[in-house]
Amino acid sequence: MKVLVGDIGGTHARLAIMEIDGEDWEILEEREYDSGEFDGLAPIVRRFRTEVNGEVDSASFGLACPIEDGVCRLTNLDWEIDAKTFGDEIEIPDTRIVNDFDCVGHALRYLGEDDLVELQPGEPREHGPIAVIGAGTGLGQGFLVWHDGHYRVHASEGGHVDLAPRSSLGWELEEHLGEKYGHVSYERVVSGPGLVDVYDFLGGSGYAEERVATRSEMAERDAAEVISEHGLAGDDPLCVRALDIFVELFGAQAGNLALTVRADGGVYVAGGIAPQIIDRLRDGPFLAAFRGKGRMSGLVANIPVWVIVNPRVGLIGAAAAALPE
């Protein structure tokens, strides 16, 4: 079965033609585009089809948005995609749209040891609930529940729940973000744009002095990437502090999700940021915040946690979502 698949986020749109057969898959063609350069998904798909050869049986797209009545309004892009008409727009009648973290859940059964890095050891309970969470342009979440002989995947918009500060500095950050956005969710911190907001808050509040060279780099390249790099290198105190806050709240919300669905089948950390900061997730405040759940600390301390390092997980999941159950 050949499927045109897409992993569509607020920053990047990755498209591929994938052949999938049972547990085996192969990418035949692949391209990446800047989402912000297009006014919708259909123009990207049409351009992709002019650049590659090959007929497909169907199409499936993972999108960073809640899907209601077959309609997706992307959270971080001014796009609207209607499943009822989108297949006609791209001339592939058998087309579906799926939440991006639905796709991550569907991809799990196709991942091997080389696709994962362990953060916290543990013995997953057979057929236990599984949680998935990941930061990129936004904060995606989902979970899987065993039912009728297989895992069923459920999307979540838990990244938009109210932020819970963990310190006096956290309360100051929450107040600052509230003045800027109104409602302050975990996504307002645990995301690429969120990391930049944390950095700006710390610099503006005098918690650390901003370096002119770092700000100049941020003007030339992706700002969150610059902050992450200096935070990991430890050569810019402002970046180090911003990354620590990001990582702590990432771990806290991952632990919240693990408790919410009692994910004793494991927690999988996906998204574009986690693979770049694995050492900080392993050795920094991520696991302390993940486990810091009071009377439930012992429960979450026994849940295995992995980072998904396969960059094609969204494409694999989009293809898997197109298969009949």
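The values are calculated or read from the model by the stated rules, or taken from the named source; none is laboratory data. No experiment lies behind these values; they were computed from the predicted model shown. Ideal geometry is used to build each Cβ from the backbone, glycine not excepted, and the neighbour counts take in all protein chains shown.
Being out of contact with any Pro (no Cβ under 7 Å at 6 or more places or on another chain) and either buried (at least 21 other Cβ atoms within 10 Å of the Cβ) or more than 29 Å from Ser228 (Cβ to Cβ) (or both) is the requirement here; does Leu163 meet it? Yes: the conditions hold for Leu163. Close Cβ contacts (under 6 Å, 6 or more residues apart or on different chains) running from residues in region 197-208 that are closer than 22 Å to Thr137 by Cα to residues that are buried (at least 16 other Cβ atoms within 10 Å of the Cβ) and small (Gly, Ala, Ser) comprise Val198/Ala242; Tyr199/Ala242; Leu202/Ala208; Leu202/Ala242. Scanning region 136-178 for residues that are in contact (Cβ under 8 Å) with a residue 40 or more places away in the chain, in a loop (DSSP other than H, G, I, E, B) and farther than 24 Å from Gly266 by Cβ yields Thr137, Leu163, Arg166.
Within region 187-246, track down each residue that is aromatic (Phe, Trp, Tyr) and surrounded by 19 or more Cβ atoms within 10 Å (Cβ to Cβ).
Tyr199, Phe201, Phe246, listed by residue number.
What residue, among those in region 179-204 that are within 16 Å of Ile227 (Cβ to Cβ) and small (Gly, Ala, Ser), is nearest to the chain's Cα centre (by Cα)? Among those residues, the one meeting the criterion is Ser191. Looking at Glu123, Glu55, Glu89, Glu80, just one residue is under 30 Å from Gly266 (Cβ atoms) and modelled with pLDDT under 95, and that residue is Glu123.
One residue stands out in region 76-127 among those that are free of Cβ contacts under 8 Å to residues at least 40 places away in the same chain and of a type in the set (Val, Ile, Thr): the one that is surrounded by the most Cβ atoms within 10 Å (Cβ to Cβ), namely Ile97.
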